[in-house]
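Working notes for the structure below.
The values are calculated or read from the model by the stated rules, or taken from the named source; none is laboratory data. What you see is a predicted model, and the numbers here were worked out from it, not measured in a lab. So basically every Cβ, Gly included, is an ideal-geometry build from the backbone, and we count neighbours across all protein chains shown. Calculation scope for accessible area: heavy atoms of the full protein, side chains included, ligands and nucleic acids excluded. Shrake-Rupley method; radii C 1.70, N 1.55, O 1.52, S 1.80 Å.
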Amino acid sequence: MPQIPAPSRRGLLFGTAAVSAGALLTACTSNEQKKSDDAAADNAPVADDKPGKAVTIGFAGPQADHGWLNAINQNAKSRAEKYSDVTLEITEGSNDTAAQIGQVQTLINKKVDVLVILPADGKALTQVGLQAMKAGIPVVNLDRIFASPQAYRCWIGGDNYGMGLNAGNYIGEQLKDKPDAKVIELAGLDNLELTKQRTQGFDDALKNFPNIRKVARQAADFTVESGQAKMAQLLQAQSQFDALWNHDDDQGVGALRAIAQAGRDDFLMVGGAGAKSAMDAIKAGDSVLKATVLYPPTMAASAIDLARALGQGKGVSGMAELEIPASLTLYSAVVTKDNVDEYLPTGFN
């Protein structure tokens with residue numbers, strides 16, 4: 001899930017729908033309002049629109065073995081259901097690159113109008129993205145980017161560097177008046193580029209606060225179990241620190257268990273991604289978790305909007321250009337007790 005520079009952090013109006021406040025890009029255009037279990041999509045603003053040309057969108061993502069990935073699938077499905085002119089062809093999802101390539105090729109052979117692809121591995125799926133583009137099927141590359149810009153028409157995704165930067169700046173502001181403040185970091189999988197970007201953003205933010213030192217870092221695996229185990233190790237090694245940044249709210253569930261078991265409440269914690277459980281804890285205010293930095297899965301709903309616009313030959317409403325942008329980077333908002341009610345509908349299970 002690499003970070004890509006965006007020309008602006010302001011809210012955009014794209015395709016045929018309005019993007020929500022806070023630059024979450026959670027557009028929701030509706031021809032026929034249908035019931036949905038996806039609160040984020042239902043919560044998004046509705047723009048005036050009329051049914052247009054019928055569009056078949058092929059959607060291929062990895063296996064939903066993580067709360068965030070499951071929310072990606074749900075956002076795509078619920079958004080497509082809101083359009084009477086959209087048919088969604090969705091694959092089962094796989095973390096096996098060969099299987100996912102085969103699934104995308106099946107969609108190409110079905111001659112779908114547009115493809116939305118969240119690759120299990122961007123580099124490995126690049127060739128099938130190129131195959132689709134050469135076949136005249138525009139590709140919306142979702143989050144994990146292909147190795148070549150020729151493999152997609154538009155990229156939309158999160159800001160991993162921005163997550164770390166905003167987490168670091170939030171922690172810095174909380175600790176700016178504390179001499180010799182100490183922070184620790186519970187990262188994600190270290191073999192992923194996104195983890196390196198989140199750490200880099202965090203480290204760069206801390207440079208703005210000379211009174212703060214990062215004294216420990218441990219990598220986990222984006223799972224509850226790994227979060228609990230690695231957090232327990234950090235707590236044992238660090239008898240005193242002032243703040244913790246955890247890269248992922250799923251592994252944060254385990255981290256909070258370890259913290260509770262250790263009886264520690266002498267520091268503040270910032271999470272990452274925007275799980276509903278994290279937002280509920282922030283709202284309750286009864287744990288060390290005081291904030292989470294968003295990596296919103298609502299990007300999948302926005303990808304459906306973009307795909308529909310591409311299939312209907314539409315540009316971006318509210319912009320002078322006749323075509324949709326080549327890339328859109330979502331903003332990593334910091335959710336605290338002060339604004340949690342605004343973002344809670346976007347939280348995922």
Candidates 198, 257 - the one that is of a type in the set (D, E, K, R), surrounded by fewer than 21 Cβ atoms within 10 Å (Cβ to Cβ) and touching a helix residue (DSSP H, G or I) at 6+ places or on another chain (Cβ under 6 Å): 257
Some residue of region 225-235 being in contact with an Asp or Glu (Cβ under 7 Å, 6 or more places away or on another chain) and within 18 Å of residue 182 (Cα to Cα): no
Selection count where residues are open to solvent by 20 Å² or more (accessible area, probe 1.4 Å) and assigned to a loop (DSSP other than H, G, I, E, B), scope region 326-346: 5
Positions within region 165-193 being farther than 21 Å from residue 228 by Cα and of a type in the set (A, V, I, L, M), in sequence order: 165, 171, 175, 181
Selection from region 152-180 of residues that are open to solvent by 40 Å² or more (accessible area, probe 1.4 Å) and either touching a Cys at 6+ places or on another chain (Cβ under 6 Å) or of a type in the set (Ser, Thr, Tyr) (or both): 161, 170
Condition met for residue 209 (touching a Phe, Trp or Tyr at 6+ places or on another chain (Cβ under 7 Å) and in a loop (DSSP other than H, G, I, E, B)): no
Yes/no for residue 187 being touching a Ser or Thr at 6+ places or on another chain (Cβ under 7 Å), within 21 Å of residue 328 (Cα to Cα) and open to solvent by less than 50 Å² (accessible area, probe 1.4 Å): no
Scope region 84-139; condition more than 11 Å from residue 58 (Cβ to Cβ), outside any loop (DSSP other than H, G, I, E, B), in contact with a strand residue (DSSP E or B) (Cβ under 7 Å, 6 or more places away or on another chain) and not β-branched (Val, Ile, Thr); matching residues: 100, 129, 133
